[in-house]
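Notes follow the structure.
The values are calculated or read from the model by the stated rules, or taken from the named source; none is laboratory data. Please read these numbers as outputs of a predicted model, since none were measured by experiment. All Cβ positions, even for glycine, are placed from backbone atoms using ideal geometry, and neighbour counts span all protein chains on display. Just so you know, the surface numbers come from the protein's heavy atoms only, side chains and all, with ligands and any DNA or RNA stripped out. Shrake-Rupley method; radii C 1.70, N 1.55, O 1.52, S 1.80 Å.
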Amino acid sequence: ALMMTSAMTLVPYLLVAAYQLKLALGGQGGDEAASAARMRWIAGGATFYTAAMLLAGGSRYLLLSSLLYLPGALLYWAWQRHRGMAFRARETLVLWLLAGMAAVAVFGLVSGRLQL
């Protein structure tokens, strides 16, 4: 349970760090040049660190966590449709990737190749 919790916690950290890196690379990380450069280094280090931690934890727990993330993503998709807003291409790609990971996890659990 501790490894699963770690994998599920690191995914949002990775997304936040990657978004901060995107902002810093786009010039929105700070006003001064030194501050912007420092923000790029911090955001890059945070993104690298969280990605490395996810890889070090193994794909097993990342696959299992997709089983828990998928229902929330589907609820968000349904809510967006209800509001009359369509998913953008990137969001649809992420949803399909998440669904594919969940399918692999279910197949692994059923076949016995993936254990809790």
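Of note:
- All positions within the stretch 1-44 that are at pLDDT below 85, open to solvent by less than 40 Å² (accessible area, probe 1.4 Å), more than 15 Å from S66 (Cα to Cα) and assigned to a helix (DSSP H, G or I): S35, A36, A37
- Flag for M85 being aliphatic (A, V, I, L, M), in a loop (DSSP other than H, G, I, E, B) and open to solvent by less than 90 Å² (accessible area, probe 1.4 Å): yes
- Output for the stretch 80-100, where each listed residue is closer than 26 Å to L62 by Cα and either basic (K, R) or in contact with a Lys or Arg (Cβ under 7 Å, 6 or more places away or on another chain) (or both): R88, R90
- From the list L93, L62, the lone residue that is part of a helix (DSSP H, G or I), at pLDDT 85 or above, aliphatic (A, V, I, L, M) and open to solvent by 90 Å² or more (accessible area, probe 1.4 Å) is L93.
- Listed by first and then second residue, the pairs linking a residue in the stretch 54-78 that is among the charged types (D, E, K, R) to a residue that is outside any helix (DSSP H, G or I) and surrounded by 15 or more Cβ atoms within 10 Å (Cβ to Cβ), with Cβ atoms under 9 Å apart and 6 or more places separating them unless they lie on different chains, are R60/L114.
- Residues that are under 17 Å from P12 (Cβ atoms) and exposed (fewer than 12 other Cβ atoms within 10 Å of the Cβ) within the stretch 96-112 comprise just one, L97.
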